Amino acid sequence: MTAPALPPLAPAPGGAFGLYLHVPFCAARCGYCDFNTYTPGELAAAGGDTPAGNTPAGWLEALRRELELAAGRLDAAGGVPVLDTVFVGGGTPSLLGGAGLADVLAAVRTHFVLAGDAEVTTEANPESTSPAFFGALRAAGYTRVSLGMQSVAPHVLRLLDRVHSPGRAPAAALEARSAGFAHVNLDLIYGTPGETDDDLARSIDAVLAADVDHVSAYALVVEDGTALARRVRRGEMPAVDDDVVADRYELLDARLTAAGLDWYEVSNWSRPGGECRHNLGYWNGGQWWGAGPGAHSHVGALRWWNVKHPNGYAEALASGAAPVAGFEELGETDRHVEQVLLRIRLRDGLPVAVLHPAERRRADAAVAAGLLRLVEQRLALTDAGRLLADAVVRDLLD
């Protein structure tokens with residue numbers, strides 16, 4: 001299949017520019033995950049050999065080619081932007097090891113300049129980290145690490161198919177701090193069937209004991225096509241209870257706020273200065289190039305996404321082609337919907353001026369209902385509104 005040709009890029013002037021790098025490898029597949037990830041067994045050919053493009057070495061070679069292509073396209077569109085943020089996600093980037101992730105950042109620096117205060121993040125699974133791993137990341141220039149924790153309750157981890165021990169994630173966070181990382185995030189998942197209030201409370205205790213400056217907490221969502229969805233469909237486990245999820249969110253928010261971690265996005269809390277700048281770029285409508293299998297990019301009014309499979313991605317680049325699977329040009333209505341959808345989730349809220357008259361009237365109704373508050377011509381979610389954020393957005397956009 002011939003890759004679609006991207007229209008010429010037209011970057012928006014000013015503002016931050018980020019780079020996202022997708023590592024598609026995982027040691028095992030978690031039951032709730034629907035991300036573009038692959039286990040070794042899924043990447044091996046029928047004869048047992050693994051095609052070169054499906055290996056970390058083949059992936060890195062392809063990534064280098066895409067980064068060269070990206071810099072060339074951006075240069076032709078007005079100049080290669082200085083990177084304010086770099087985010088290595090997955091998948092499980094820590095499977096590359098400290099040396100492998102150092103090679104990734106070196107590849108970035110070959111084609112891009114990082115701002116002096118650039119935020120450089122990698123995700124990591126606790127079981128594939130160590131003090132030496134974190135030391136190598138710091139030496140390479142990473143400034144932030146995000147660790148998947150989910151829970152300290154063994155039965156919750158088992159249901160989610162997580163393979164790390166209950167105490168490994170907080171221990172890894174402490175190792176990262178000891179290695180010199182000022183910015184460390186722990187991810188939690190709440191609302192898993194069988195989880196109790198005490199399970200979540202103990203998980204929060206462990207997070208706070210690790211002294212991290214950022215916490216992300218997500219309600220479990222059972223996505224179609226996942227192992228969890230199949231278990232729910234077969235009646236092996238109950239569906240997620242929305243009322244329980246709301247109670248758990250309130251518990252999380254109260255405990256984290258009392259400990260000095262304030263919400264700045266519906267699912268994210270941080271100490272002052274600990275906010276994830278890369279993700280804020282997404283939520284504020286910023287620009288980024290996404291490199292790697294299945295990665296998405298957004299430059300100016302153009303959005304595109306790469307071929308999903310690692311070998312197809314590598315083969316496209318080896319042939320000299322861009323690994324693009326598809327693209328869309330965002331119109332004024334598209335951009336408006338995204339602005340409302342994303343910025344209303346931020347503590348800073350949404351400027352009233354961006355709303356159309358009918359939307360402003362619906363916003364007034366949401367203020368009267370106690371779901372939004374108006375502060376200095378910005379609309380922000382109330383505590384009650386955060387529990388119903390998606391519904392608030394739907395009502396605003398009608």
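Some points to look at:
- Approximate spin-label separation R109-A45, in nm, with each point projected 7 Å along Cα-to-Cβ: 3.6
- Those residues of segment 154-186 whose amide nitrogen sits under 20 Å from the label point placed on S130, 7 Å along Cα→Cβ: 163-181
- Label zone at A76, where the point sits 7 Å out along the Cα-to-Cβ direction: segment 312-339 residues whose backbone N lies under 19 Å: 316-329
- 3J(HN,Hα) along segment 144-160: 8, 10, 10, 10, x, 10, 6, 5, 9, 7, x, 6, 5, 4, 5, 4, 7 Hz, from the Karplus curve 6.51 cos²θ - 1.76 cosθ + 1.60 with θ = phi - 60°, whole Hz, x for Gly and Pro.
- From phi via Karplus (6.51, -1.76, 1.60), per-residue ³J(HN,Hα) for segment 374-380 in Hz, x at Gly/Pro: 9, 10, 6, 6, 10, 9, 10
- Once backbone amide H atoms are built at 1.01 Å from N, F17 has D84, T85 as its partners under 5 Å, excluding neighbours fewer than 5 places away on the same chain.
- Within segment 312-334: backbone nitrogen closer than 11 Å to the A358 label point (7 Å, Cα to C-beta): none
- Computed magnitude of the charge dipole of segment 333-398 (debye, nearest 20; Cβ of K, R +1, Cβ of D, E -1): 100
- Correct option for Cα extents along the principal axes in Å [calculated from the coordinates] among [x] 58, 50, 46; [y] 70, 52, 42; [z] 85, 55, 38: [x]
- The label-point distance for D348 and V367, in a model that sets each label 7 Å from Cα toward Cβ, rounds to 2.1 nm.
- Of V324, V244, V152, the one that fluctuates the most in a GNM where the chain has Cα springs shorter than 10 Å: V244
No value in this document is a laboratory result; all are computed from the given coordinates. The model shown is predicted, which means the values in this text are computed figures rather than measured ones. Here the Cβ is made from the backbone with ideal geometry for all residues, glycine too, and neighbour counts use every protein chain on show.
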